[in-house]
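The values are calculated or read from the model by the stated rules, or taken from the named source; none is laboratory data. Values in this document were obtained by computation on a predicted structure and should not be read as measured data. Methodologically, a virtual Cβ is constructed for each residue, glycine included, from the backbone with ideal geometry; neighbour enumeration extends over all protein chains shown. We work out accessible area using only protein heavy atoms, side chains counted, and drop any ligands, DNA or RNA first. Shrake-Rupley method; radii C 1.70, N 1.55, O 1.52, S 1.80 Å.
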Amino acid sequence: MTAVADLAAALPAGRVLTDPDVAASYARDQTFLQPGTPLCVVTARSRDDVITTMRWATEHRVPVVPRGAGTGLAGGATAVEGCVMLSLARMTEIRELSPADEIAVAEPGVITADLDRAARAHGLMYAPDPSSYEISTIGGNLATNAGGLRCVKYGVTRDSVLGLEVVLADGRTLNTGGRTMKGVTGYDLTGLFVGSEGTLGVITSATLRLRRAPDLPPVTIAAEFPSLRAAGDAVAAIVAAGCRPSLLELMDRNTLKAIDDWKNIGLEPGVQAMLIAQSEEDRPGGAAQMARLCEANGAGFVAVSSSPEEAEELIGVRRLAYNAKERLGACLVEDVCVPRSVLPEMISIIEEAAARHDTLICTVAHAGDGNLHPVFIFDRALPEPPPQVWAAADEVFRAALRLGGTLTGEHGVGLLKRRWLGLESGPVVTEVQQGIKAVFDPLGILNPGKAI
């Protein structure tokens, strides 16, 4: 504890927290994983706090786990034994917002929705839109390369990042990228850090690309289908027709029932899936065309919003999905991503795995880019998923890879998916990634055991 006292003395008063109960509250994310016991928590408020912490950690060879709001779903921000939990949640300054350059410079603790609201005051928007946007932070989004509801049109977080300020393991500061829309000088270190889950450095600010907000309020449709496969076929038809939705979300019967049991949305007995789509197109008929395609692929009912309030109400149903599923039990949340052309096949495989292993799986999907979130529900009293749940998850992961997909589209690897990494990466990729880790973090103190 003498070393911790030295860290506390080197930082402004109140930055280091050692109370075991307080430290425990910082030790886990939204997964069921049991965390290790932190040595202490550092609540950083500036880049200098991060520099001081990393210099101390390097000197004493203490592991550091960076943390934002703790909304992660893969165990990436789970404490390892004897670590410093480095909380960046209080670094909340938007250092700059330039309408002329259409950029913002934000610290890692800025809430995603707050940045979007600040941009919209200038007729702009911050495009990444994870479901947790009202509570998740920019730093966490950067760490996992988060996607979200609007990624079908605007891409994932990496597509909105122009430059980064990063504190390395030894306390040195590295600046990557810049303020321009183009930049190919040297290796793409910005892209390397985005999605690295805090294993290469600690991001202390980001220069982010803003977009013009739509001139017209978006129109939203909600379509009900008699089968999940029919909804998947409608997604394929919408994409093939070139409708260019800004949002295309799919929910299965189990998810809808969980929401209905909680919020009483009026779910009809024959509805097995719902598709929620949104159009920001200036040309007339974008939403109407998607509605027609849904009807042509078997939708029994299609609602089209007639006001911004109605549009938000329909999307609100989708945003309830995760919390509704949490009410059913503990959740193993996954996010396989497959080519859009095989989305209907992947949906069928998930349904078959649920039946074969007698496991409740609630599936939602960012359907426009093939990113599915099968959520495996199990008894909350259990410390981890029972064998049949792991077996069903294994079947889903292997199928996604067989169809040309990936283990994770936006949640990251964290701890949960490391057991399957070898199936996707292979020995050469693993060796190269470990070599990159060694360059940036030769002592292995940054979020050890995560991501690779």
| Check on MET91, crowded, with 24+ Cβ neighbours inside 10 Å and in a loop (DSSP other than H, G, I, E, B) | yes
| query | Take the residues of region 34-68 that are touching a helix residue (DSSP H, G or I) at 6+ places or on another chain (Cβ under 6 Å) and not in a helix (DSSP H, G or I): which is nearest to TYR322 (Cα to Cα)? | reply | GLY68
| Residues (over 20 Å from ARG61 (Cα atoms) and part of a loop (DSSP other than H, G, I, E, B)) located in region 18-33 | ASP19, TYR26, ARG28, ASP29, GLN30, THR31, PHE32, LEU33
| said: If I ask for residues that are charged (D, E, K, R) and either open to solvent by less than 10 Å² (accessible area, probe 1.4 Å) or within 23 Å of ARG418 (Cα to Cα) (or both), which ones from region 332-353 would you list? | reply: GLU334, ASP335
| Residue check: is ARG28 open to solvent by 60 Å² or more (accessible area, probe 1.4 Å) and within 20 Å of the chain's Cα centre (by Cα)? | yes
| task | Mind counting the residues in region 183-206 that are open to solvent by 20 Å² or more (accessible area, probe 1.4 Å) and of a type in the set (Ser, Thr, Tyr)? | result | 2
| said: Is it the case, given these coordinates, that GLY232 is at pLDDT 95 or above, buried (at least 23 other Cβ atoms within 10 Å of the Cβ) and not in a strand (DSSP E or B)? | reply: no
| note | Of LYS437, LYS450, the only residue that is farther than 23 Å from SER227 by Cα, among the basic types (Lys, Arg) and assigned to a helix (DSSP H, G or I) is LYS437
| request: Look through region 364-398, keep the residues that are surrounded by 15 or more Cβ atoms within 10 Å (Cβ to Cβ) and in a loop (DSSP other than H, G, I, E, B), and return whichever of them is modelled with the lowest pLDDT. | output: GLY370
| remark: Among residues of region 410-447 being touching a residue at least 40 places away in the same chain (Cβ under 8 Å), within 21 Å of the chain's Cα centre (by Cα) and open to solvent by 30 Å² or more (accessible area, probe 1.4 Å), the residue farthest from LEU360 (Cα to Cα) is LEU415
| said: Here is a list: GLY266, GLY270. Which entry is within 23 Å of SER131 (Cβ to Cβ), outside any helix (DSSP H, G or I) and open to solvent by 40 Å² or more (accessible area, probe 1.4 Å)? | reply: GLY266
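So is GLN34 under 24 Å from the mean Cα position of the chain (by Cα), surrounded by 17 or more Cβ atoms within 10 Å (Cβ to Cβ) and in contact (Cβ under 8 Å) with a residue 12 or more places away in the chain or not?
No: the conditions fail for GLN34.
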| Which residues, taken from region 44-61, are free of Cβ contacts under 8 Å to residues at least 24 places away in the same chain and open to solvent by less than 10 Å² (accessible area, probe 1.4 Å)? | none
| task | Please state which of the following conditions MET85 fails to meet, knowing it meets all the rest: (1) open to solvent by 10 Å² or more (accessible area, probe 1.4 Å); (2) at pLDDT 95 or above. | result | (1)
| request: Evaluate the following for ARG356: is it open to solvent by 10 Å² or more (accessible area, probe 1.4 Å), at pLDDT below 95 and of a type outside the set (Ser, Thr, Tyr)? | output: no
